[in-house]
Amino acid sequence: MVQTGKLLNRERVSGVKKGLDRAKTTTYQLRVTLLGTNPPIWRRIAVSGGISLGHLHGVLLQAMGWDGGHMHLFHLGKTDYGETHPELEHVEDQWEVRLCDVAPKAKKRFVWEYDMGDTWLHEIFVEKIDPAAPPLKGAAVCLAGARACPPEDCGGVYGYEDFLKAVRDPKHESHEEMLEWIGGEFDPEAFDLKETNKALSKLKGPR
């Protein structure tokens, strides 16, 4: 009985390992939505299940259009993942966990927070997991999306709303100031799928 129990235990462990190995080479389709925006700013991307959360952070920056000069966190239940930093307590190393570890099944939702000051919260929704999809050539592919990423350091969702009011209204007291700050023009509806994938193609695949 003892030998049989040990054998069954080894088979279970082996089965779990094989399942994780398959997940790491499986394509995940994620919908990324910037919470609080209306109409929503979103992207749909395909990534490997073997991508680390640290690597996924880089993908999300490029897909959304952020510059990447701020701290970030992944919120999964009661556990936060990110870069180890003196200002961030109780944070797990984002390079030590993979997407397939934290989202082994479809329909999983978690949050990626970018810029701890402006607090841009993005919902990451696992739309589907496709083990039969051809392996990705790079880190990720953007499949679809809508609307431009807000400017960095504009003050979060509410600051972005004020920014849009200013740039849309020539009579607004901050109209000229905001246009000069943004470089002359800003189209909130602009989204270029080709340029987004060009940026993503520069990233390496999962390590």
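What length, rounded to one decimal in nm, is gained on full extension from K171 through to Y158, with 0.36 nm per residue of separation minus their alpha-carbon distance?
Length gained, K171 through Y158: 2.7 nm.
Given a cut-off of under 8 Å on Cα pairs at least six residues apart, what relative contact order in percent is computed for the chain?
25 percent
Under the Kirkwood approximation for Rh and a Cα-based Rg, what ratio Rg/Rh is obtained for the chain?
Ratio of gyration radius to Kirkwood radius: 1.07.
Taking 0.36 nm per intervening residue step and subtracting the Cα-Cα distance, what contour gain separates T84 from M116 on full extension?
Here the segment from T84 to M116 would lengthen by 10.1 nm.
Which ³J(HN,Hα) values in Hz, rounded to whole numbers, follow from the phi angles of the stretch 145-162 under the Karplus curve 6.51 cos²θ - 1.76 cosθ + 1.60, where θ = phi - 60° and Gly and Pro get x?
x, 8, 6, 6, 6, x, x, 4, 6, 8, x, x, 4, 6, x, 5, 4, 5
Semi-axes of the stretch 25-95's equivalent ellipsoid from the Cα gyration tensor, sqrt of 5 times each eigenvalue, largest first, rounded to whole Å?
So the equivalent ellipsoid measures 21, 17, 12 Å along its semi-axes.
Over the stretch 81-186, what relative contact order in percent results from Cα pairs under 8 Å that are six or more residues apart?
Dividing the mean separation by the residue count of the stretch 81-186 yields 14 percent.
Return the inverse of the average 1/r over all pairs of distinct C-alpha atoms in the stretch 150-190, which is the Kirkwood hydrodynamic radius, in Å to one decimal.
10.2 Å
Please give the contour-minus-distance gain from E96 to K128: 0.36 nm per residue of separation, less the Cα-Cα distance, rounded to one decimal in nm.
Additional length available on full extension: 9.2 nm.
Out of residues 5 or more away from A190 or on other chains, whose amide H comes under 5 Å of its own, with H placed 1.01 Å from N in the peptide plane?
Under 5 Å from the amide H of A190: A148.
Given the pairs K137/K194; K78/K107; K165/K194; K137/K198, which span a C-alpha to C-alpha distance of over 22 angstrom in this model?
In this structure, K165/K194 lie more than 22 Å apart at Cα.
Taken together, the values in this text are just the output of simple stated rules run on the coordinates, not laboratory data. Note that the coordinates shown come from a computational prediction; the quantities given were computed from them, not determined experimentally.
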